[in-house]
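Read through the structure below, which is laid out as structure tokens, and then see the notes.
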Amino acid sequence: MSGPTGHPRAGGDAGELTAAGSLPATWREHAVGHPDRPCLHDPVAGWTTRGQLAAAGAEVAGRLYAAGLRRGDRVLLSAPSGVALVAAHTACLRMGLVVVPVNAALRRREVAHIVADASPRGAVIDDPGMQSWVRQAEPDALVCTSAVDLPPGNAPSLDDLDGDEPAILGYTSGTTGAPKGAVLTHANLLAGAEALRRAWGWSESDRLVLALPLFHIHGLGVGLHGTLHSGASAVLQPSFDSDAVIDAVREHRATLFFGVPTMYNRIAGNPRAPELAALRLAVSGSAPLPADLHRRLEENTGLAVLERYGMTETVMLVSNPLDGDRRPGSVGFPLPGVELRLLEPGHSPAADPEVPAGAPGEIWVRGPNVFAGYWRRPGAGPRADGWFCTGDVGRRDADGYLYLEGRSGEVIITGGLNVYPREVEEQLADHPAIAEVVVAGRPDEQWGELVTAYVVPAPGRRAPSADELRSHVAERLAPYKHPRAVVPLEAVPRNALGKVQRHLLGEVAGPEAPLTEVQST
Ligand code: MCA
């Protein structure tokens, strides 16, 4: 386990950001101060107050404690967004368990990897299939649903966390190998939420429509933690539907909406989009928001969507200003407590100068929000002095606004979800009609990028269709990682060293290349 972060505090007000100690400490203050204020709404339970959520969390914590879970134990969490899931999540954090959020779409192979890596002692999972995969991989783990239907008990210590204790193990893939667990400490989560509270003027009178899944940092670390930390309220929606979002904004007099560009694309196409003018703030992240979509939304709703930038390892890093010019195509300025440097590849943030304004550079960050390291992978996270290379490339304009230019890696972002080409290639490689396959993103208006398989067919075979490839990987990859399009190639473009030249894929295939796409999208 990565120990305490030991990072020097970033400049400015970084220390102050974590003065409250932990998120559970601030939640407790809100619950004790005004227990009757509405906190969360879900379609099943209706409104839950702060006091009710605190009581539900304490009850779940008592049950998990009585079942044998102890501080530092990892617990997988996967259930539809709702108050039951939040009660389980907050219970775990309040008693010092380490939450491992799991995307409900993952398949057995993907879940087995997380279980083997994280060695969880518990799993709060609603899907019976996923429950059985966890039981097979870790027979000793306590497995229950988000109802936490276990004998009652008392957790002896709640809300008494040290900032350096691990709070979340967030699985995220690198360009090579299998997903790694990013260890976010209680101080990281608090710094992340407090920076957003300040930057976005998040207050008790705010109400967020939260239709993002709660198994990624966007929905969890930004939407949920920000709400609970600010003493605000949120309307939880277990899936995204643009009409349901618009209805909730009207019915619950919401002030905030956070989404990924695919959601905004669907909102822009909804004739009721102008009703969103009632919002105080709409925020976009997880993938680049096309500048023309930004403008279209502004025309339709009067809202200048605020684009920001973050990652699982760091919660949020950079944001357009709340007051002031929100520039389409830009992610804005570093958030409170975040130091950011743009460097030439191979340069060190401690020793080398930044690239000049306008020039691209690798994005390095440091601050109290930056994770402690990757679980069981010493040396793979931030440097000893706290600086972390994000792997993203950006440039600043003359006014200091940051623009993301792309990734130094090969990640595909589809609908706000990261897909690592190598993982998909490995699962496609044994298809009998494939001699060689390279997976890459292809620009797409709705999804941002479409997972596309560039296929050299096996001798005497034609390239398989996208539907054939999808059924080939159906049991091995979550659906969002499935190839949505296939482009046949005669040969994979490689450089003299044999490295695949992904940027040439489109050229080699040619603009007229036959393309088969999945019919359902
Ligand atoms: C669903 N499908 C997808 C995706 N989502 N395909 C590719 N990419 C996706 N992201 C597939 C379904 O399997 C289905 O396939 C088909 O698309 C249509 O499904 P539909 O019901 O329309 O989709 P949906 O359920 O409405 O989902 C679209 C979505 C969702 C709402 C955009 O993907 C989503 O919630 N995305 C946000 C994810 C997120 O929170 N990302 C944050 C991670 P078929 O029809 O063939 O069966 S990044 C992060 O946290 C960092 C910190 C950050 O900065 O934010």
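A few notes on this one:
- Value at 222 nm in deg cm²/dmol, rounded to 500, when DSSP H runs of n ≥ 4 in the chain each add -39,500 (n - 2.57): -7500 deg cm²/dmol
- Scoring 61-67, 227-233, 353-359 by mean Cβ neighbours within 10 Å over their residues and listing the highest first yields 227-233, 61-67, 353-359.
- For trypsin sites (Lys or Arg not before Pro), the sites in the stretch 243-294 that DSSP calls loop and that have at most 12 other Cβ atoms within 10 Å are Arg253.
- Sparse-neighbour loop sites [GluC sites (Glu not before Pro); the stretch 156-262; at most 13 other C-beta within 10 Å; DSSP]: Glu204
- Applying 0.36 nm per residue to the separation of Glu436 and Glu468 and subtracting their alpha-carbon distance, the gain on full extension is 9.9 nm.
- In units of the compact-protein estimate 2.2 N^0.38 Å, the chain shows a Cα radius of gyration of 0.96.
- Full-extension gain in nm, Arg70 to Arg376, via 0.36 nm per residue minus C-alpha separation: 108.2 nm
- Taking trypsin sites (Lys or Arg not before Pro) across the stretch 446-502, the ones in a DSSP loop with at most 12 further Cβ atoms lying within 10 angstrom of their Cβ are Arg462, Lys499.
- For the chain, share of DSSP beta bridges that run antiparallel, in % to the nearest 5: 60
- Taking each residue as 0.36 nm, the span from Ala429 to Ala244 lengthens on full extension beyond its C-alpha to C-alpha distance by 62.5 nm.
- Annotation: amide H-H contacts under 5 Å for Leu76 (H modelled 1.01 Å from N, sequence separation of 5 or more, or interchain): Val100, Gly122, Ala123, Val124.
Throughout, read-outs are computed from the coordinates displayed, never taken from laboratory work. Just so it is clear, the model here is predicted, and its values are computed rather than measured. Heads up, the Cβs are rebuilt from the backbone with ideal geometry, glycines too, and the neighbour counts pull from every protein chain shown.
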